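Visitor: The structure's right below; bear with me while I get my questions together.
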Amino acid sequence: MNRHSRLRAGAGAATAVLCLLAAGCSGSGSGAGVHGTPGAAGLRDPYFPKLGNGGYDVSHYALTLAYDPASGRLDGRAEITAKATQDLSAFNLDLAGLTVRGATVDGAPAAVNRAGNELTLRPRDDIDEGAEFRAVVTYDGLPQTITDSDGSKEGWLKTADGALALGEPTGSMAWFPGNHHPSDKASYDITVTVPAGVRAVSNGVLGSEKKGPDGRTTSVWHSAEPMASYLAMLAIGRYDTTTATALGGKVPVLTAADPAVAAKSAALRARIPEILDWEQENFGTYPFAASGAVVERDDDVGYALETQTRPVFPASSFDTPTLVHELAHQWYGDSVSPATWKDIWLNEGFATYAEWLYAEDFAHTPAQKSFEKAFADDDAWAFPPAAPRSSEDLFAAPVYQRGAMVLHRIRQEVGDDTFFEILEGWPARYRHATATTKDFTAYVESVADGRDLSEVWDVWLYGEEKPDKAPTG
Ligand code: ARG
Ligand code: ZN
């Protein structure tokens, strides 16, 4: 008996005593407590209030998937290991589309209900606060493409020869049930079976890739470090792959390119180790056990995404600045993740600033020049980076350009030594965790020895008004 079931037996006994005293109690000997309440159906994110769920914390997802490109059908089994953060009578998972075939909690069948993107599991026995539990959901169907309010497509994207699963900000619910808010990070094992002729590429370290007697190939991908679900990725199709190592031989690099864009992306794919060396020099220890990239045809995906360890690119944006940007996100966004979607500028501001720094080091363009150019663009002033007006704004110019301007203003105020200490210290302080904008400003103030940065926050981070001119330092 583990600690969990012992706790549960204790709760059941307490219930039985109460039943003796109360009139009309059923006296069911199942041990089902009456103490639990349902977990919240959402985490009240400012832009997606229903995203994520309350009452538990996921520590691990084991996804076992099979996909058939010909029919477009996905068969899935999600095993979710979580810890209850309250006494739970039921809890929700986010899932868009697909058909749920069954669910268990700790091996016992659970009642399933669906309403919109909320999947509710009611376990046979209540779960005690602090108890670890395992939920298994089996499901299948034709996964959906989700169109974001800014018009971008995410979730499940069918490609010419397979599919691509991407999830920023909310698309991961289209391919597996989970707690799909960035604040609940977990480790992942993703096992995927695909027909002969195609391969499956996902996040992290490739554990094994084996052909079965039926000709299908099963590959197993491990992400040991915590990952926000929006950074989970699955690419199925024909790929030309390369392997290498980076960072002193410690980090395996696996790249995959659609054959149509393999040749033209090969030279830049080969430069990932060199860019990681430069980034590690500037941002501190690389936070993950693997790296790489997936390069698709432009028809297959409309934007690049910093999926954990292995970002995805459409061929036409697979260029040096974008590669620098998506690899920088591994520190800023993937390791330190936004606590809510309102904190997205912490991702995009840093990744954009990484491009400015790279241009400073390798293209004779001082960051001051990039700052002045961004400053001059009125699109960057539509709203403050720390306050997107709606979900449509999450990936708009102010988040990227003004986000980077905030960092440059900090650099101007604190000087290069302290600034580079911040670049490295911030992802070290919140490594594999989540952080808010307030965490960031408090952190910067803590290392800026008493300097008054209120103008940077008031004007550049939170202010509506564009200043008359760009400060020169
Ligand atoms: N985070 C991506 C980047 O590196 C952009 C994602 C765009 N997604 C969207 N739904 N608009 O810039
Ligand atoms: Zn980005």
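Visitor: Can you classify region 341-432 as rounded, prolate or oblate using the Cα gyration tensor, where a ≥ b ≥ c are the square roots of its eigenvalues, rounded means a/c under 1.5, and otherwise it's prolate if a/b beats b/c and oblate if not?
Guide: oblate
Visitor: If R0 is 30 Å, what FRET efficiency do you get for Arg431 and Asp140 from their C-beta distance, rounded to 0.05?
Guide: The formula returns an efficiency of 0.20 here.
Visitor: Charges on Cβ only, +1 for Lys and Arg, -1 for Asp and Glu, centred on the Cα centroid of the chain; of Pro273, Pro177, Ile344, which one is farthest towards the dipole's positive end?
Guide: Pro177
Visitor: Which value, in Å to one decimal place, does the Kirkwood hydrodynamic radius take for the chain when every pair of different Cα atoms is included?
Guide: Every distinct Cα pair counted, the radius reaches 23.5 Å.
Visitor: Using a simple charge model, +1 on the beta-carbon of Lys and Arg, -1 on the beta-carbon of Asp and Glu, nothing else, what dipole does the chain show about its Cα centre, in debye to the nearest 20?
Guide: It comes to approximately 1860 debye.
Visitor: Based on the Kirkwood radius over alpha-carbon pairs, what is the Stokes-Einstein translational diffusion coefficient of region 201-320 at 4 °C with 1.567 mPa s viscosity, in µm²/s?
Guide: Value of D from the Cα-based Kirkwood radius: 87 µm²/s.
Visitor: Of Gly249, Ala165, Gly76, whose Cα points farthest to the positive end of the dipole of the chain (charges on the beta-carbon: +1 Lys, Arg; -1 Asp, Glu; origin at the Cα centre)?
Guide: With unit charges placed on the Cβ atoms, the residue in question is Gly76.
Visitor: Three principal axis extents, largest first, for the C-alpha atoms of region 194-237, in Å?
Guide: 34, 18, 10
Visitor: If you place +1 on the Cβ of every Lys and Arg and -1 on the Cβ of every Asp and Glu, how big does the dipole about the Cα centre of region 210-253 come out, in debye to the nearest 20?
Guide: Using only the charged Cβ atoms, the result is roughly 140 debye.
Visitor: Find how much the distance from Thr245 to Lys369 grows on full extension, using 0.36 nm per residue of separation minus their present alpha carbon separation; answer in nm with one decimal.
Guide: Taking Thr245 through Lys369 to full extension adds about 41.2 nm, to one decimal.
Visitor: With a 10 Å radius around each residue's Cβ, average the other Cβ atoms per peptide and rank 407-419, 267-279, 203-215, highest first.
Guide: In descending order of packing, they fall as 407-419, 267-279, 203-215.
Visitor: Compute and list, largest first, the equivalent-ellipsoid semi-axes of region 94-189 from the alpha carbon gyration tensor, each √(5λ) rounded to a whole angstrom.
Guide: 27, 15, 12
Visitor: Distance between the C-alpha centers of region 129-146 and region 218-275? Whole Å please.
Guide: After rounding, the separation between the Cα centres reads 26 Å.
Visitor: So how far apart, in nm, are the two label points at Glu209 and Arg114 if each is 7 Å from Cα heading toward Cβ?
Guide: 3.2 nm
Visitor: Rank the residues Arg238, Arg44 as a footprinting-exposure proxy: fewest other Cβ atoms within 10 Å of their Cβ go first.
Guide: Arg44, Arg238
Visitor: Below 8 Å between Cα atoms, with a sequence gap of 6+, how large is the relative contact order for region 173-301 in percent?
Guide: Result for region 173-301 is 22 percent.
Visitor: Restricting the count to DSSP beta bridges whose residues both fall in the chain, what percent are antiparallel, rounded to a multiple of 5?
Guide: Expressed as a percentage, antiparallel bridges in the chain total about 80.
Visitor: Which of rounded, prolate, oblate describes region 298-367, given a ≥ b ≥ c as roots of the alpha-carbon gyration tensor eigenvalues and a/c under 1.5 marking rounded, otherwise prolate only if a/b is larger than b/c?
Guide: Oblate shape, in that a/c is at least 1.5 and b/c is the bigger or equal ratio.
Visitor: Projecting each Cα onto the charge dipole of region 322-473 (Lys/Arg +1, Asp/Glu -1 at the beta carbon, about the Cα centre), which of Ala328, His408, Trp356 comes out farthest on the positive side?
Guide: The listed residue farthest towards the positive side: Ala328.
Read-outs throughout are calculated quantities, based only on the coordinates presented, and are distinct from any laboratory measurement. Model, not experiment: these values are computed from the prediction. So basically every Cβ, Gly included, is an ideal-geometry build from the backbone, and we count neighbours across all protein chains shown.
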